[in-house]
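See structure below.
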Amino acid sequence: MAGEAAAPAAGICVVDFGSQYTLLIARRLRELGVYSEVVGCAGDVAGALAGRAGVILSGGPASALAPGAPGLPPAVLASGLPVLGICYGMQLLARELGGELEACDSAGGYGRAEIEVAAAGGGLLDGLAAAGAKLAVWTSHGDRVARLPDGFAATAAGPSAPVMAMADPKRRLHGLQFHPEVAHTEQGMRMLERFAAEVCGADRGWTPARVAEQAAAAVRAQVGEQERVLLGLSGGVDSAVAAALLERALPGRLVCVLVDNGLLRENEAAEVKEAFADLGERLVVVDAAAEFMAALAGLDEPEAKRRAIGRTFIEVFEAEAARLGGIRFLAQGTIYPDVVESAGDGAGAAAKIKSHHNVGGLPARLGMELVEPLRLLFKDEVRRLGAELGLPAALLERHPFPGPGLAVRVPGEVTAARLETARRADSIFIAELRAAGWHQKVAQAFAVALPVDTVGVQGDGRTYAAAVALRAVVTDDFMTAAAAELPQELLARTATRICNEVPGVNRVLYDVTSKPPATVEWE
Ligand code: XMP
């Protein structure tokens with residue numbers, strides 16, 4: 001996967017056996033400045049290992065003892081590269097080399113555990129803690145290594161398994177039964193660093209500047225010296241950074257279309273226009289609010305609303321592309337988690353993650369070739385690259401925003417008045433979060449204009465007006481999320497401002513539900 005010229009040699013390849021933490025391993029390596037990419041265990045592992053400095057085998061949900069469980073791809077040991085097996089990955093490595101596995105007793109090892117570090121054995125734990133010292137680690141395993149393969153030493157033991165870490169330093173093969181990539185594991189980053197830097201000798205020069213250069217070179221190679229590229233700007237971080245990168249890579253040849261669907265956040269279209277003012281006429285803003293409102297009229301079912309918005313977007317964009325004429329390339333701000341999640345080429349985490357709600361199929365419909373300059377980057381790398389390319393912080397720090405925009409924050413039928421309520425309440429909430437230093441502590445925050453009126457008392461009289469819900473969540477990956485524990489005074493101040501400043505609102509609620517059972521958005 002992702003074999004573009006933009007990938008530098010000598011990174012580390014993570015072979016995915018379906019662990020929910022696989023992407024986190026790649027993330028952590030990149031935090032260490034080591035390029036990493038993920039390949040599904042049933043994918044082209046040999047191809048993905050070419051030119052790499054080492055391999056990490058991820059954990060996985062299967063029992064290695066179960067018939068049909070994914071095995072170790074032969075290319076891993078055939079490559080002669082250093083290997084680190086994590087959890088399921090360690091078990092595969094141990095068995096492949098002649099060790100034995102067994103099922104854990106009843107409870108297995110789930111959650112936080114303590115391991116006892118053995119005397120130095122040339123493993124990843126050497127020097128991180130004295131022999132006999134305890135380290136807190138994060139585990140999730142139902143099987144364990146019962147007998148080590150020849151050449152290996154056990155370098156840590158724990159209550160759920162006698163072998164919690166193993167090493168064969170001569171062959172540069174390592175195993176950890178716990179998850180070093182999870183923040184709860186003490187010294188986990190040091191273990192990964194030791195593997196990447198000392199065992200593999202991986203290049204640590206993966207920085208935003210270098211990323212920008214490589215991505216720009218890859219785009220030039222794909223697009224050539226003449227052609228123009230069309231990009232749909234959304235107001236979101238990814239498309240903005242893609243635009244900035246493309247403008248640098250292909251000066252004067254980027255054409256951007258911003259479809260203002262009337263469902264954007266306050267000032268969103270204006271901020272994008274300002275940030276990309278240098279594009280001049282190459283930034284086309286299409287005011288399509290009326291088309292979107294017409295498409296939404298009479299619809300109150302969430303999926304029907306999403307479909308109407310997706311369809312209208314395609315119509316408006318297609319018409320614009322036809323008007324511009326003769327552009328062969330269509331750029332998209334696809335980022336690495338999107339690529340991995342939609343690849344589905346392994347026993348991958350892919351299978352479990354819900355499909356993306358973005359408008360797909362557009363390049364094929366338009367007969368255009370896709371350009372994805374950010375497809376190797378994680379979200380925070382995209383933000384750092386955006387800063388490197390000179391985009392304003394206000395734009396880069398914006399929380400994620402769904403494709404269907406405020407329409408999914410106005411439950412039921414969308415009216416102009418309720419859209420405005422959602423937009424203004426959102427803007428006040430975000431401003432208060434920023435002022436209190438909470439904006440960057442939550443992953444996403446917004447207001448929902450509820451389709452319910454309640455009785456209040458404002459000024460001298462009784463009111464019968466709308467209620468607004470506030471939602472703020474903390475999450476690593478948006479697959480699960482918890483309601484942020486915002487200070488009461490921040491919520492109270494926000495509620496007062498919303499009731500005073502947003503016409504037709506007399507009540508504010510805070511959504512305390514986690515995901516699951518709720519989703520982040522209300523629709
Ligand atoms: P849910 O509501 O599914 O949201 O828990 C998880 C994350 O996805 C965003 N989201 C979307 N993003 N198009 C998008 O680009 C969509 O249709 C869409 N729906 C939800 C949501 O804002 C949150 O960040």
> If we only count strands (runs of 3 or more DSSP E) wholly inside segment 95-185, which ones have 1 or more residues that are closer than 27 Å to residue 27 by Cβ?
Replying inline: 109-117, 134-141, 143-147, 153-157, 165-168, 173-176
> Which residue out of 424, 409, 418 is in contact (Cβ under 8 Å) with a residue 60 or more places away in the chain, closer than 30 Å to residue 299 by Cα, of a type in the set (Lys, Arg) and away from the ligand (no atom under 15 Å from the Cβ)?
Replying inline: 424
> Mind checking which residues of segment 311-331 are open to solvent by less than 50 Å² (accessible area, probe 1.4 Å), in contact with an Asp or Glu (Cβ under 8 Å, 6 or more places away or on another chain) and within 25 Å of residue 220 (Cβ to Cβ)?
Replying inline: 327, 329, 330, 331
> Going by the conditions given, is residue 454 among the hydroxyl-bearing types (Ser, Thr, Tyr) and over 22 Å from residue 305 (Cβ atoms)?
Replying inline: yes
> Hey, does segment 161-172 have a residue that's on the phi > 0 side of the Ramachandran plot, surrounded by fewer than 20 Cβ atoms within 10 Å (Cβ to Cβ) and within 32 Å of the chain's Cα centre (by Cα)?
Replying inline: yes
>> List the residue pairs whose Cβ atoms are under 9 Å apart, where the first residue sits in segment 308-322 and is without any contact (Cβ under 8 Å) to a residue 12 or more places away in the chain, the second is open to solvent by less than 60 Å² (accessible area, probe 1.4 Å), and the two are 6 or more positions apart or on different chains.
In response: 319/286; 322/366
> Among the residues of segment 14-30, is any surrounded by fewer than 23 Cβ atoms within 10 Å (Cβ to Cβ) and without any contact (Cβ under 8 Å) to a residue 40 or more places away in the chain?
Replying inline: no
> Within the set of pairs 6+ apart or on separate chains, which have a first residue in segment 512-523 that is closer than 13 Å to residue 444 by Cβ, a second that is part of a loop (DSSP other than H, G, I, E, B) and near the ligand (Cβ under 6 Å from one of its atoms), and C-beta atoms under 7 Å apart?
Replying inline: 520/478; 521/402
> residue 37 fails exactly one of the following numbered conditions: (1) farther than 17 Å from residue 189 by Cβ; (2) open to solvent by 20 Å² or more (accessible area, probe 1.4 Å); (3) in contact (Cβ under 8 Å) with a residue 12 or more places away in the chain. What is the number of that condition?
Replying inline: (2)
> Just a yes or no: is a residue in segment 84-95 out of contact with any His (no Cβ under 8 Å at 6 or more places or on another chain) and open to solvent by 10 Å² or more (accessible area, probe 1.4 Å)?
Replying inline: yes
>> Looking at the structure I just gave you, is residue 493 of a type in the set (Lys, Arg), at pLDDT 95 or above and either assigned to a strand (DSSP E or B) or surrounded by 17 or more Cβ atoms within 10 Å (Cβ to Cβ) (or both)?
In response: no
> What are the residues in segment 428-440 that are in a helix (DSSP H, G or I), more than 16 Å from the ligand (Cβ to nearest atom) and open to solvent by 40 Å² or more (accessible area, probe 1.4 Å), if any?
Replying inline: 431, 434, 435
>> If the requirement is being away from the ligand (no atom under 16 Å from the Cβ) and either outside any helix (DSSP H, G or I) or open to solvent by less than 20 Å² (accessible area, probe 1.4 Å) (or both), which of these qualifies: 473, 448, 468, 512?
In response: 468
>> Checking the conditions here, which among 53, 66, 46 is over 26 Å from residue 142 (Cα atoms), without any contact (Cβ under 8 Å) to a residue 60 or more places away in the chain and open to solvent by 10 Å² or more (accessible area, probe 1.4 Å)?
In response: 46
> Out of all the residues in segment 188-204, is one or more over 20 Å from residue 35 (Cα atoms) and open to solvent by 20 Å² or more (accessible area, probe 1.4 Å)?
Replying inline: no
> From the set of residues in segment 367-406 that are buried (at least 22 other Cβ atoms within 10 Å of the Cβ) and outside any loop (DSSP other than H, G, I, E, B), which is nearest to the ligand (Cβ to nearest atom)?
Replying inline: 405
> What are the residues in segment 476-509 that are of a type outside the set (Gly, Ala, Ser) and within 16 Å of the ligand (Cβ to nearest atom), if any?
Replying inline: 476, 477, 478, 479, 480
> Yes or no: residue 411 surrounded by 15 or more Cβ atoms within 10 Å (Cβ to Cβ) and over 30 Å from residue 278 (Cβ atoms)?
Replying inline: yes
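The values are calculated or read from the model by the stated rules, or taken from the named source; none is laboratory data. Not measured: the values here are computed from a predicted model. Every residue, glycine as well, gets a Cβ built from its backbone with ideal geometry; the counts of neighbours run over all protein chains shown. For accessibility, only protein heavy atoms count, side chains too; no ligands or nucleic acids. Shrake-Rupley method; radii C 1.70, N 1.55, O 1.52, S 1.80 Å.
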